[in-house]
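The values are calculated or read from the model by the stated rules, or taken from the named source; none is laboratory data. The shown structure was predicted, so the numbers you read here are calculated from the model rather than taken from an experiment. Cβ sites come from the backbone with ideal geometry, for glycine too, and all protein chains shown count toward neighbours. Keep in mind that these areas ignore ligands, DNA and RNA; they rest on the heavy atoms of the full protein, side chains included. Shrake-Rupley method; radii C 1.70, N 1.55, O 1.52, S 1.80 Å.
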Amino acid sequence: YESHFAKKWALAALNILLFIPFLFTFSRTSYIALMGGLVILAVLARKKQLNCILFFLLLLSPFILPAKVKERIAFTWTDAKYEGRTMGVDFSLQERIHSLINLKGVMKVSPIFGMGIGSSHYIDNQYARTIQEVGIVGMGLWLWIFLRLFKMSRWLHQNLEPGLFKGLSLGYAAGIVCIL
C-alpha cells in the first residue's frame, strides 16, 4: 500500500532480512502461524499479485528452505519412532495433545470459571492452560479481546488512505491470527 517506490522496496528488503533469522528460530509453531498469517494477508488484501507471489513461495518452499529448517520440520515425525511416542508425533506435540485430552478432568470439576491461576503443572498449550485456569468464561473473554483487536485493525485497513499505515493495519490483523 506504500505509494513511494523507494520506500516500498526498502520495506520489502527489510521483510526479507527479518525472515532469515525467523527461519532459524526453528519454531515449528511459528512456521504454522506464518502460513496462517499469509493466508489471511492474501484473503484480506485482495491483491492478485500478492496472492500469486505467496502461492509460488509456498510451492517453492520445499526447494528453497535451508536444510536445517527442513530437518526441524521433519523432526515432528522422525522423533515419533522412539519409545514413548504413542501418537505418531514427537514428544513436544504429543504433550500438547495430552494437555487438551486432560482437560476432561478440569471440565468436570470447574468448567465455568476454571480452577484458578497456577492450579496445575506447567501446560505448554495456551488454550488448555487458559481453560484450566479461567474456565469457559475466561476463555470466551480472552478470545473476545482478540476478536475486537482483529475487527479494529480491519476497520482501520478499510478506512485509511493507501500508505504505510494501511499496510500496517492489515499486517496487524494477520498477526492477530498468527498469535491465535
- Item | In region 151-180, the residues that are touching a residue at least 12 places away in the same chain (Cβ under 8 Å) and not in a helix (DSSP H, G or I) | P162, G163, L180
- Qualifying positions in region 87-136 - among the polar types (S, T, N, Q) and not in a helix (DSSP H, G or I): N102, S110, S119, S120, N125
- Check off (1) at pLDDT 90 or above; (2) of a type outside the set (S, T, Y); (3) surrounded by 14 or more Cβ atoms within 10 Å (Cβ to Cβ) for H98 and give me the number that stays unchecked. (1)
- Query: Is it the case that I97 is of a type outside the set (K, R) and in contact (Cβ under 8 Å) with a residue 40 or more places away in the chain?
  - Reply: no
- Query: Could you say whether any residue in region 75-82 is out of contact with any strand residue (DSSP E or B) (no Cβ under 9 Å at 6 or more places or on another chain) and at pLDDT 85 or above?
  - Reply: yes
- Check region 119-136 and report whether any residue there is open to solvent by 90 Å² or more (accessible area, probe 1.4 Å), under 22 Å from the mean Cα position of the chain (by Cα), modelled with pLDDT under 85 and farther than 21 Å from L41 by Cβ. yes
- Task: Answer with yes or no whether T86 is open to solvent by 90 Å² or more (accessible area, probe 1.4 Å) and of a type outside the set (D, E, K, R).
- Result: yes
- Message: So for region 137-158 (the condition being at pLDDT 95 or above and more than 22 Å from the chain's Cα centre (by Cα)), does at least one residue qualify?
- Response: yes
- Among the residues of region 55-68, is there at least one that is assigned to a loop (DSSP other than H, G, I, E, B) and either open to solvent by 90 Å² or more (accessible area, probe 1.4 Å) or touching a helix residue (DSSP H, G or I) at 6+ places or on another chain (Cβ under 8 Å) (or both)? yes
- Check N15, N51 and return the single one that is surrounded by fewer than 15 Cβ atoms within 10 Å (Cβ to Cβ) and part of a helix (DSSP H, G or I). N15
